[in-house]
1. Output the residues belonging to the range 172-194 that are surrounded by fewer than 23 Cβ atoms within 10 Å (Cβ to Cβ) and assigned to a strand (DSSP E or B).
2. Can you find, within the range 209-232, the residue that is least open to solvent (accessible area, probe 1.4 Å) among those that are more than 13 Å from residue 181 (Cβ to Cβ) and part of a loop (DSSP other than H, G, I, E, B)?
3. If you go through the range 203-222, how many residues are in contact with a Phe, Trp or Tyr (Cβ under 7 Å, 6 or more places away or on another chain) and either among the charged types (D, E, K, R) or modelled with pLDDT under 95 (or both)?
4. Residues that are part of a loop (DSSP other than H, G, I, E, B) and open to solvent by 40 Å² or more (accessible area, probe 1.4 Å): does the range 246-262 have at least one?
5. Please enumerate the residues belonging to the range 278-298 that are crowded, with 17+ Cβ neighbours inside 10 Å, outside any strand (DSSP E or B) and free of Cβ contacts under 8 Å to residues at least 60 places away in the same chain.
6. Can you pull out the helices (runs of 4 or more DSSP H) entirely within the range 60-171 that have at least 2 residues that are surrounded by 17 or more Cβ atoms within 10 Å (Cβ to Cβ) and in contact (Cβ under 8 Å) with a residue 40 or more places away in the chain?
Amino acid sequence: MAANNRRMSGKKGAQVGSGGQRRRGLEGKGPTPPAEMRKGHKKNRIAGAKAKQLQRRPAPKGRGGKASSELVVGRNSVVEALREGVPASTLYVQQFIDNDERVREALQLVGERGGIHLMEAPRPELDRMTNGLNHQGLVLQVPPYEYAHPEDLANAAYDNGEDPLIVALDGVTDPRNLGAVVRSVSAFGGHGVVVPERRAAGMTAGAWKTSAGAAARTPVARATNLTRALESYQKAGILVVGLAADGDAELGDLTALGGPVVIVVGSEGKGLSRLVGETCDHLVRIPMPGGTESLNAGVAAGIVLYEAARRRA
């Protein structure tokens, strides 16, 4: 009888305390990951070698009208950047990453957009790339932005038979404000934005996101010296109008907005710098019955651009 029991105990089947392992074993494991992320695959080995080679190579220095490349770090930030169409050259994915929905969405967006390299890299490599930031296994490389020359903005307008409508930013350091201005310029038919090369916001991933895609069709020019760039516009017959809380005239009284004009917007609080203010042909103020002392650059530029577009209609 004992021998018979031993034979019976050897039968296969669900055991007490198995926790439904056999049932879970029948469940699917989701879509097959790309070849670049499958360990042992030829493309996986090639991607890993390329990632190491790229990281050993010194980062190219910005030349002429190019900024330096940028890294977007972290799962939420990477997914948001891909959703908003921020230009990207490479998505680095940590080896053996915990594949949650954000990782899956990032890989899906990269596949849908095309033109973005997918590289798998070990965690120490990503730690080194990001200087120890909490990358959560995802790092998106944004290529250098190619800035236009200030003269290009006016020339493009004249080539289209239009009077230039340009916004110049003086001392605006928040990329989100720059993105908002780019969006307003695009919405109201402007021809571009000029920013100083130093001590000013540039076209970062944050500016791209805030522009809501407008940065893809509205050029941003970078001036080595903003005052000299404004003087060049004046020599070309373009009026330079600065926004100032203590301006001599109100915005609605300035009829010149219907012609070729550069609108200069300063930072919130400080306003225009002295030299830039002295260079402007006119200083105008936006009437604010509510008593607010100042508006941020994005809001102020939007109000003036609307007035300019209304006069040109």
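The values are calculated or read from the model by the stated rules, or taken from the named source; none is laboratory data. Quick caveat, the model's predicted, so the values are computed rather than measured. Every residue, glycine as well, gets a Cβ built from its backbone with ideal geometry; the counts of neighbours run over all protein chains shown. Heads up: the accessible areas ignore ligands, DNA and RNA and are worked out on the full protein's heavy atoms, side chains in. Shrake-Rupley method; radii C 1.70, N 1.55, O 1.52, S 1.80 Å.
1. none
2. Filtering first and then ranking leaves 213.
3. If we filter the range 203-222 for residues that are in contact with a Phe, Trp or Tyr (Cβ under 7 Å, 6 or more places away or on another chain), which is where we start, we get 203, 215, 220-222.
Pick out the ones that are also either among the charged types (D, E, K, R) or modelled with pLDDT under 95 (or both) and you get 203, 215, 222.
Residues that pass the stated criteria total 3.
4. Just the residues of the range 246-262 that are part of a loop (DSSP other than H, G, I, E, B), to begin with: 246-248, 254, 259-260.
From the residues that got through so far, the ones that are open to solvent by 40 Å² or more (accessible area, probe 1.4 Å) too are 246, 248.
Yes, some residue in the range 246-262 is part of a loop (DSSP other than H, G, I, E, B) and open to solvent by 40 Å² or more (accessible area, probe 1.4 Å).
5. Of everything in the range 278-298, those that are crowded, with 17+ Cβ neighbours inside 10 Å, outside any strand (DSSP E or B) and free of Cβ contacts under 8 Å to residues at least 60 places away in the same chain turn out to be 279, 280, 286, 294, 295.
6. The helices (runs of 4 or more DSSP H) meeting that bar are 75-83, 123-129, 150-159.
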